[in-house]
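Inspection log for the structure reproduced underneath, given as structure tokens.
The values are calculated or read from the model by the stated rules, or taken from the named source; none is laboratory data. Computed from a prediction, not measured in an experiment: that's the story for all the values here. Don't worry about glycine lacking a Cβ; one is built from the backbone with ideal geometry, like all the others, and counts go over all protein chains shown. These accessible areas exclude ligands, DNA and RNA; they are computed on the full protein's heavy atoms, side chains included. Shrake-Rupley method; radii C 1.70, N 1.55, O 1.52, S 1.80 Å.
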Amino acid sequence: MTTMRAAVLTAPKRFELREVPIPNIGPEDVLVRVTRTGICGTDIHIFNGHYAADRLPLIPGHEFCGTIAGRGANVRHLDIGARVVVDINIGCGTCFWCRRNEVLNCAEVVQVGIGRDGAFAEYVAVPARLAIPVSADIADDVLALTEPVSCVVRAARKAKAALGQSVVVFGAGPIGNLHVQMMRLVGAAPIIVADLSADRCRMAMEAGADAAVADPAQLEPIVRKMTAGRGADLVIESVGSRRLYKQAFDLARRGGHVAFFGITPPGETVPVDILRTVLEETSLKGSVAGMGEDMHDALTLLSHGRFRTSDFTKASYTLENIQQAFETLGDRPQDLKTQIAVSA
């Protein structure tokens, strides 16, 4: 067999199911037979033509799991048939940033399914060093959540989230819900989530939030009330709204931290009061993708059932129906994640 089925995004909002060549692998690579691939917010941006439009045609998809179907001549640590998840961030592996696990800053970085063809296909080729073997008895639909969970693991690590910290999370969609659960795991309290969707607020409460606010006018009074008037120790923006980023600084306490996570259009800025930031020792830090240890930690947490995943595994479409899956996302807010079942 030399070809495979793949969902190729040929233009914004248009997938074509094609027979394409199975990717070649080099001596340090493996070929992964994809079983499940989740639809990420980044995939939606690519589908709508808001991101990576210059790279079309492209096979998107980067939240995936599968089995080793082939390995390069120098690969010894992965057996054919082994289940794996994949760190999608491919850097040079030797530069200053790669050695510090800051791979997105590598001059040569490319991401599977974003900068190169990805996992809305039966097979994907990746460096063997980025394929992480799975030993736990964990279902594919849960395993495919490893990459998005790694993103919130990294955000928590970068923000130095800790026991007893008060947290506000903007957004109760898929990643916002995972942020809520991550904050619960590190012992943060209280956790306050804000989202315009009452359904997603309800799901965030079920996932561990202490309060969920659908009315924007009520958010600041509730935050002040639940933090003894101080404001939150940590505010996480996971929507990608300039307005919400600005509000995040108003909701953070003096000496608090704002986590930049949601992706805005290029060139968007938010004003930062320099004197206030200096005198109050407020801080901010960005993060977006999990990599290296974040992927390993995410896999460990999922393997031991530390995340509530039932709201993420309800919607599944075949590769043939990927166009429908994308087109109906907005009609299915109750589905925190939609996955493509690629292979059995």
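Data for the structure
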item: Of all residues in the range 132-152 being farther than 14 Å from Gly66 by Cβ, surrounded by fewer than 20 Cβ atoms within 10 Å (Cβ to Cβ) and not charged (D, E, K, R), the one that is modelled with the highest pLDDT; result: Ser135
item: Residue, farthest from Gly41 (Cα to Cα), within the range 62-109, restricted to residues that are charged (D, E, K, R) and touching a strand residue (DSSP E or B) at 6+ places or on another chain (Cβ under 6 Å); result: Arg71
item: Hits in the range 54-79 - residues which are of a type in the set (Asp, Glu), open to solvent by 10 Å² or more (accessible area, probe 1.4 Å) and over 20 Å from Gly26 (Cα atoms); result: Asp54
item: Unmet requirement for Ala82, which otherwise passes all of (1) loosely packed, with under 14 Cβ neighbours inside 10 Å; (2) under 26 Å from Ala136 (Cβ atoms); result: (1)
item: Among (1) over 26 Å from Arg14 (Cβ atoms); (2) out of contact with any Phe, Trp or Tyr (no Cβ under 9 Å at 6 or more places or on another chain); (3) outside any loop (DSSP other than H, G, I, E, B); (4) touching a residue at least 24 places away in the same chain (Cβ under 8 Å) - the single one Val152 does not satisfy; result: (2)
item: Among residues of the range 206-263, those that are in contact (Cβ under 8 Å) with a residue 12 or more places away in the chain, open to solvent by 10 Å² or more (accessible area, probe 1.4 Å), in a helix (DSSP H, G or I) and more than 20 Å from Ile274 (Cβ to Cβ), counted; result: 7
item: Residue match in the range 291-310 (condition: open to solvent by 70 Å² or more (accessible area, probe 1.4 Å) and either more than 24 Å from Ala159 (Cβ to Cβ) or of a type in the set (Asp, Glu) (or both)); result: yes
item: Leading residue by the ranking (surrounded by the fewest Cβ atoms within 10 Å (Cβ to Cβ)) among those in the range 111-131 that are assigned to a loop (DSSP other than H, G, I, E, B) and touching a strand residue (DSSP E or B) at 6+ places or on another chain (Cβ under 6 Å); result: Glu122
item: Filter result (within 18 Å of the chain's Cα centre (by Cα) and part of a loop (DSSP other than H, G, I, E, B)) within the range 315-333; result: Pro333
item: Residue in the range 267-276 that is of a type in the set (Lys, Arg), over 16 Å from Gly41 (Cβ atoms), free of Cβ contacts under 8 Å to residues at least 12 places away in the same chain and open to solvent by 40 Å² or more (accessible area, probe 1.4 Å) present; result: yes
